[in-house]
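Enquirer: One structure, as structure tokens, below. Some questions next.
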Amino acid sequence: MKKISLLIPLYNEEDSLPLLYNELLKVINDIKNYEFEIFFVDDGSKDKSLNILREMQEKDSRINYISFSRNFGKETAMIAGFDYVSGDAVVILDADLQDPPELIPEMIYYWEQGYDDVYAKRKSREGETWLKKLTSRIFYRMLQKTTKIEIQEDTGDFRLLDKRTLQSLKMIREKQRYTKGMFSWIGYNKKEIMFDRKPRAAGETKWNYFKLTNLALEGLTSFTTFPLKIASIFGFIVSLFSIIYMIVILIKSLLWKDPVQGYPSMMVTILFIGGVQLVCLGIIGEYVGRIFNETKQRPLYIVSEHNGEKINDGGVM
Ligand code: UDP
Ligand code: MG
């Protein structure tokens, strides 16, 4: 019998967990011919989530979990999950029921048709502010324009992945992870299905604008080196204009003996170029920072508990 792992990263979800478990049971009890594993990755929750997981795992043999020694973030929780799950396919779900488990049978259907990555695309982004919609749109445009890999818009981590797809993802051991881009980067046969994303079942979102901006920067700098080129392009344009302007000034002062003038224009130019240089330095800094983080060779995560057993696993391949 084929086995399907449901992978659920969670951070402080004590209110959602019981609801989620009920919903999952409803769905998987209806699906015959498949074995299921429900795999939770507790991302260092500070509430009672871990206790709930311990109890659930003792009662239900289909449930497995690992727990991080601290909060590492959802991206890291996912790769840890990839390392641990045992299914022939894995479905990644959020713990807050925003990704409806009712879609799982459809995903399995397409998987059996030979697709390796069945991802769910949001039909609408209801309940989100226009600012969030606009910024996300701009971000996707920018990312898409600067990279050759096709990045799916309005798609999250909610998807079914075949085992071999997982194997490929496990080989990507970057520290600063942008998993959405990796799903595209690895390729394979992809199938899109549509769904309505619901509001959170309980609790609050852990994303704020600061974190989202960071993730966007992560996405850009981990997927394209285009921003680095901006400095060169801009430098080239400015040099060109400078040369023309230099000739103009030379001719003016030689032929017309123009008296010294131009404090305002000089000031503006200096400030402008100075500002641009700082921005370019910042862009370079982003990449240098990434190099620094990757060269430290630290483990991606630290697992401190596995199915009730105290362990220490850094997930080093
Ligand atoms: N999550 C996590 N680690 C974190 C933050 C979030 O594992 O540091 C989990 C969270 O419990 C949920 C999923 O990632 O299952 C999505 O988080 P959230 O609902 O806060 O994000 P949103 O749906 O608003 O994008
Ligand atoms: Mg959510």
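The values are calculated or read from the model by the stated rules, or taken from the named source; none is laboratory data. Just so it is clear, the structure is predicted and the values come from calculations on it, not from any experiment. Ideal geometry is used to build each Cβ from the backbone, glycine not excepted, and the neighbour counts take in all protein chains shown.
Enquirer: Can you go through Phe236, Phe241, Phe210 and tell me which one is part of a helix (DSSP H, G or I), loosely packed, with under 14 Cβ neighbours inside 10 Å, within 16 Å of ligand 1 (Cβ to nearest atom) and free of Cβ contacts under 8 Å to residues at least 60 places away in the same chain?
Expert: Of the residues listed, the single one that is part of a helix (DSSP H, G or I), loosely packed, with under 14 Cβ neighbours inside 10 Å, within 16 Å of ligand 1 (Cβ to nearest atom) and free of Cβ contacts under 8 Å to residues at least 60 places away in the same chain is Phe210.
Enquirer: Count, please, the residues in the stretch 81-103 that happen to be within 18 Å of the chain's Cα centre (by Cα) and within 10 Å of ligand 1 (Cβ to nearest atom).
Expert: Residues meeting the conditions: 8.
Enquirer: Pick from Met78, Met107, Met142: which is closer than 25 Å to Lys26 by Cα, assigned to a helix (DSSP H, G or I), touching a residue at least 60 places away in the same chain (Cβ under 8 Å) and under 16 Å from the mean Cα position of the chain (by Cα)?
Expert: Met78
Rundown of residues vs (1) hydroxyl-bearing (Ser, Thr, Tyr); (2) at pLDDT below 85; (3) in contact with a helix residue (DSSP H, G or I) (Cβ under 7 Å, 6 or more places away or on another chain), yes/no style:
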residue	(1), (2), (3)
Leu161	no, no, no
Leu166	no, no, yes
Leu169	no, no, yes
Ile172	no, no, yes
Lys198	no, yes, no
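Enquirer: Of all residues being away from ligand 2 (no atom under 16 Å from the Cβ) and either basic (Lys, Arg) or part of a loop (DSSP other than H, G, I, E, B) (or both) in the stretch 81-104, which is surrounded by the fewest Cβ atoms within 10 Å (Cβ to Cβ)? Just the residue, please.
Expert: Only one residue tops the list, namely Ser86.
Enquirer: Here is a list of conditions, (1) in a loop (DSSP other than H, G, I, E, B); (2) closer than 27 Å to Thr221 by Cα, and Val288 meets all of them except one; can you say which number that is?
Expert: Only one criterion in (1) in a loop (DSSP other than H, G, I, E, B); (2) closer than 27 Å to Thr221 by Cα is unmet by Val288, namely (1).
Enquirer: Please find, among Phe234, Phe223, Phe210, the residue that is more than 16 Å from ligand 2 (Cβ to nearest atom) and modelled with pLDDT under 80.
Expert: Checking each option against the conditions leaves just Phe223.
Enquirer: Can you spot a residue in the stretch 216-232 that is among the charged types (D, E, K, R), assigned to a loop (DSSP other than H, G, I, E, B) and within 16 Å of ligand 1 (Cβ to nearest atom)?
Expert: No; the residues of the stretch 216-232 include none that is among the charged types (D, E, K, R), assigned to a loop (DSSP other than H, G, I, E, B) and within 16 Å of ligand 1 (Cβ to nearest atom).
Enquirer: Counting just the residues of the stretch 25-51 that are within 13 Å of ligand 1 (Cβ to nearest atom) and outside any strand (DSSP E or B), which one comes out surrounded by the most Cβ atoms within 10 Å (Cβ to Cβ)?
Expert: Asp43
Enquirer: Right, something else. Could you list, in sequence order, the residues of the stretch 1-36 that are in contact (Cβ under 8 Å) with a residue 40 or more places away in the chain, more than 16 Å from ligand 2 (Cβ to nearest atom) and polar (S, T, N, Q)?
Expert: Residue satisfying the conditions is Ser5 alone.
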